[in-house]
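Notes follow once the structure below has been shown.
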Amino acid sequence: MKKDDYLIFALGKGRLARHAAECLMSIGLDCEEILDKNTRKLIFTDEKNKCKFFLAKGPDVPTYVEYGAADIGIVGEDTILEENRNIFEVMDLGFGKCRMCIAGPKEAAELLKGRERIKVATKYPKICKDYFYNEKNQTVEIIKLNGSVELAPIVGLSDVICDIVETGSTLKENGLVVLEEVCPLSARMVVNQVSMRMKNDRITKIINDWRDKCLS
Ligand code: PRP
């Protein structure tokens, strides 16, 4: 069986994968194994429907889709904005809703009013740069981190952070507050540009079925 006979899905590991897998199952695809918390498997096959599903780090999903290693990706809009890949974004999936925010200790609000150069820690340097340079016209020093970004202003690495806020618990439990909202975010379906032509019927069916069964 050639790779081209399968429709290949890349799912961002973590928060979005479970919800994505539930939607895929509700449109009749078998990817139940993804929901097994004990499995270390990264790739799952539904032979009956000729689909494969793999779990990748969120920021890598647009890369797999751009290069055609996956036909379809399910990933957060934050990652799409940050990675800026040549892929089609075909649907807002309506889950994984959160906000990209500038956050920090409440006293840091003053620093965002002026024009002084401040330090911003983030996993999203591109989104952060676009916001400060194009929207706010404030010069900032961007410090790239890979996670637990809330630590940065607490330990004095940065003045503020640019990060995702979902429930707000991480900020609250660490004595930080939202200072400004950059943009709202949600999970998106993305498609490889060649697959969109070569596997158009199958991909269109997935989009339509998903819209019927999973979007309220
Ligand atoms: C994300 C984000 C915040 C947290 C926000 O981190 O970077 O830290 O979730 O969620 P909340 O508002 O519901 O508390 P994630 O859990 O992905 O881990 P990471 O910091 O290691 O990247």
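The values are calculated or read from the model by the stated rules, or taken from the named source; none is laboratory data. For clarity, every value in this text was computed on a predicted model and none was experimentally measured. FYI the Cβ positions are ideal-geometry reconstructions off the backbone, even for glycines, and counts take in every protein chain you see. Calculation scope for accessible area: heavy atoms of the full protein, side chains included, ligands and nucleic acids excluded. Shrake-Rupley method; radii C 1.70, N 1.55, O 1.52, S 1.80 Å.
When every residue of the stretch 177-186 is checked against the conditions, at least one turns out to be surrounded by 12 or more Cβ atoms within 10 Å (Cβ to Cβ), closer than 24 Å to TYR64 by Cβ and more than 13 Å from the ligand (Cβ to nearest atom).
Can you tell me which residues in the stretch 24-51 are open to solvent by 10 Å² or more (accessible area, probe 1.4 Å) and among the hydrophobic types (A, V, I, L, M, F, W, C)?
Scanning the stretch 24-51 gives MET25, ILE27, LEU29, ILE34, LEU35, LEU42, ILE43.
Here the stretch 149-163 is the region considered, the condition is being more than 10 Å from the ligand (Cβ to nearest atom) and aliphatic (A, V, I, L, M), and the residue that is surrounded by the most Cβ atoms within 10 Å (Cβ to Cβ) is VAL160.
Give the residues of the stretch 39-72 that are part of a strand (DSSP E or B) and polar (S, T, N, Q), sorted by residue number. Before you say what the answer is, go through the steps one by one.
In the first step, residues of the stretch 39-72 are kept if they are part of a strand (DSSP E or B); the result is 43-46, 51-56, 72.
THR45 - this is the single residue of the stretch 39-72 that is part of a strand (DSSP E or B) and polar (S, T, N, Q).
What are the residues in the stretch 95-139 that are part of a loop (DSSP other than H, G, I, E, B), exposed (fewer than 15 other Cβ atoms within 10 Å of the Cβ) and at pLDDT 95 or above, if any? Across the stretch 95-139, the qualifying residue is only LYS97.
Listed by first and then second residue, the pairs linking a residue in the stretch 164-176 that is within 6 Å of the ligand (Cβ to nearest atom) to a residue that is aliphatic (A, V, I, L, M) and not in a strand (DSSP E or B), with Cβ atoms under 8 Å apart and 6 or more places separating them unless they lie on different chains, are VAL165/LEU171. Report, by residue number, each residue of the stretch 20-38 that is part of a loop (DSSP other than H, G, I, E, B) and not charged (D, E, K, R). If the condition is that a residue be part of a loop (DSSP other than H, G, I, E, B) and not charged (D, E, K, R), then ILE27, GLY28, LEU29, CYS31, ASN38 are the ones that fit.
Would you point out which residue out of ASN146, ASN208 is within 16 Å of the ligand (Cβ to nearest atom) and either assigned to a strand (DSSP E or B) or modelled with pLDDT of 95 or more (or both)? Among ASN146, ASN208, only ASN146 is within 16 Å of the ligand (Cβ to nearest atom) and either assigned to a strand (DSSP E or B) or modelled with pLDDT of 95 or more (or both).
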